[in-house]
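Inspection log for the structure reproduced underneath, given as structure tokens.
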Amino acid sequence: MIKNNKVIKKIYEKIIEIRNYILTIVSPKTLNKILYEASQGKKLNLKDPKLFNEKLMYLKLNDYEKNELYAKCTDKYEVRNFVEKNGCAEILNTLYGVYENANEIKWEELPQKFVLKATHGCGWNIICTDKEKLDKEETIKQLNKWISKVYGYQSAETHYFKIKPRIICEKYLETDQGVLPNDYKFFCFHGEPKLIETCTDRANKVQLNFMDLNWNKVDNIYPDKYISKTTASRPDNLGDMVEYARKLSKPFKFVRVDLYNVNGNTVFGELTFTPAGCTQEFTEEASKILGDWICLDNSCS
């Protein structure tokens with residue numbers, strides 16, 4: 001009934017939003033238990049976590065809140081300093097500007113194509129492929145709306161609270177063929193890349209697959225409904241990307257290092273510590289294997 005009634009659905013979603021907001025303030029642990037059970041269909045075990053998302057939830061509640069490095073590396077601007085200090089400055093995307101308010105943007109100084117991102121959230125991006133056609137007033141309004149918000153309340157990702165709200169403008173990435181570059185997400189455990197999630201055909205319906213470091217296809221990570229039947233071709237710069245992922249993941253028990261392949265060159269995307277707020281759907285087998293790769297007591301380091 002809720003799904004079929006737009007008004008009731010909107011009210012229901014607002015109630016959930018308010019509930020999540022309150023619980024993130026009062027008891028992030030309680031909200032994480034609710035989110036985990038709703039997404040995974042089982043109770044969250046924080047006393048003796050075994051599965052991948054369980055361990056990420058444990059880290060989110062214990063490590064991420066206490067260690068400032070997580071907030072810094074989640075910040076889409078501050079992470080650039082981390083990348084540079086770890087000897088990977090050459091893979092940083094071109095930065096056109098940093099703004100505390102969208103009204104500071106000097107449009108005349110920007111190229112025809114660019115990307116605007118809020119530094120303190122996820123998915124708060126505006127992609128511009130033609131500056132002359134961009135509704136600048138609406139863009140400023142949207143960016144300032146994001147600036148006024150605090151991300152993380154709906155998923156108890158409290159490390160986002162420590163990020164200073166800003167806007168960055170970066171180079172629009174495209175290949176020589178004028179299409180979006182392939183995205184390679186390296187699942188890294190204790191400084192070692194173990195799996196590569198490939199994201200191709202990003203302009204249309206993104207195609208997902210998992211590969212190992214030797215570019216063999218790895219099945220049974222996500223449920224079949226998410227996986228493409230086609231396999232991405234091995235990038236010529238795979239070795240370089242693996243080494244960059246290894247360098248950038250060294251301080252962390254788990255991090256997903258997102259890299260782009262642009263005409264054979266590696267470009268840094270972001271570091272992700274809480275994929276889908278630690279509620280991403282994995283197969284039962286993968287949940288166990290990926291969970292085994294995280295040692296909460298640092299015995300894997």
### Task
Output the Kirkwood hydrodynamic radius of the chain, Cα pairs only, in Å rounded to one decimal.
20.6
### Query
Label-point separation (nm) for residue 281 and residue 101, each offset 7 Å from Cα along Cα-to-Cβ?
4.4
### Interchain or long-range residues, amide H under 5 Å from residue 96's placed H
169, 170, 171
### Query
Normalised by the residues of the range 94-171, what does the relative contact order come to in percent, with Cα pairs under 8 Å and at least six apart?
48
### Query
Kirkwood hydrodynamic radius (Cα pairs, Å) of the range 94-171?
12.9
### Task
Would you calculate the separation in nanometres between label points at residue 231 and residue 92, each defined as 7 Å from the Cα along the Cα-to-beta-carbon direction?
3.7
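Per DSSP H run of at least 4 residues, take -39500 (n - 2.57); add these up for the chain, divide by its residues and hand me the 222 nm value, nearest 500 deg cm²/dmol.
Details: 8 runs with 96 residues, N = 301.
Result for the chain, helices only: -10000 deg cm²/dmol.
Provide the gained length on full extension for the span residue 108 to residue 205, in nm with one decimal, where the gain is 0.36 nm per separating residue minus the Cα-Cα distance.
Working: separation 97, 0.36 × 97 = 34.92 nm, distance 3.34 nm.
Result: 31.6 nm gained on full extension.
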### Message
In whole Å, what are the extents of the range 259-301 along the principal axes defined by its C-alpha atoms, from largest to smallest?
### Response
38, 26, 19
### Query
How large is ³J(HN,Hα), in whole Hz, for each residue of the range 101-118 in order, when computed from phi with the Karplus curve 6.51 cos²θ - 1.76 cosθ + 1.60 and θ = phi - 60°, using x for Gly and Pro?
8, 5, 5, 7, 5, 9, 4, 5, 8, 8, x, 5, 10, 6, 10, 9, 9, 7
### Query
Given H placed 1.01 Å from N in the peptide plane, which residues other than close sequence neighbours of residue 270 have an amide H under 5 Å from its amide H?
258
### Query
Once both labels are modelled 7 Å past Cα along the beta-carbon direction, what's the residue 15-residue 246 spacing in nm?
5.3
### Message
With the cut-off at 25 Å, tell me which of the pairs 33/253; 106/145; 76/247; 33/164 have Cα atoms farther apart than that.
### Response
33/164
### Query
If you plug each phi of the range 86-99 into the Karplus form 6.51 cos²θ - 1.76 cosθ + 1.60 with θ = phi - 60°, what whole-Hz ³J(HN,Hα) values come out, in order, with x for Gly and Pro?
9, x, 10, 4, 5, 9, 5, 5, 5, 9, 8, x, 10, 9
### Summary
To the nearest 0.05, the calculated FRET efficiency linking residue 175 and residue 154 through their beta-carbon distance, R0 being 30 Å, is 0.30
### Query
Can you run phi through the Karplus equation (6.51, -1.76, 1.60; θ = phi - 60°) for the range 254-270 and list ³J(HN,Hα) in whole Hz, with x for Gly and Pro?
8, 7, 9, 9, 9, 10, 10, 10, 10, 6, x, 10, 7, 10, 5, x, 6
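Laboratory data are not the source of any read-out in this text; all were calculated from the coordinates shown. This structure is a prediction, so every number in the text was calculated from the model and none was measured. Cβ sites come from the backbone with ideal geometry, for glycine too, and all protein chains shown count toward neighbours.
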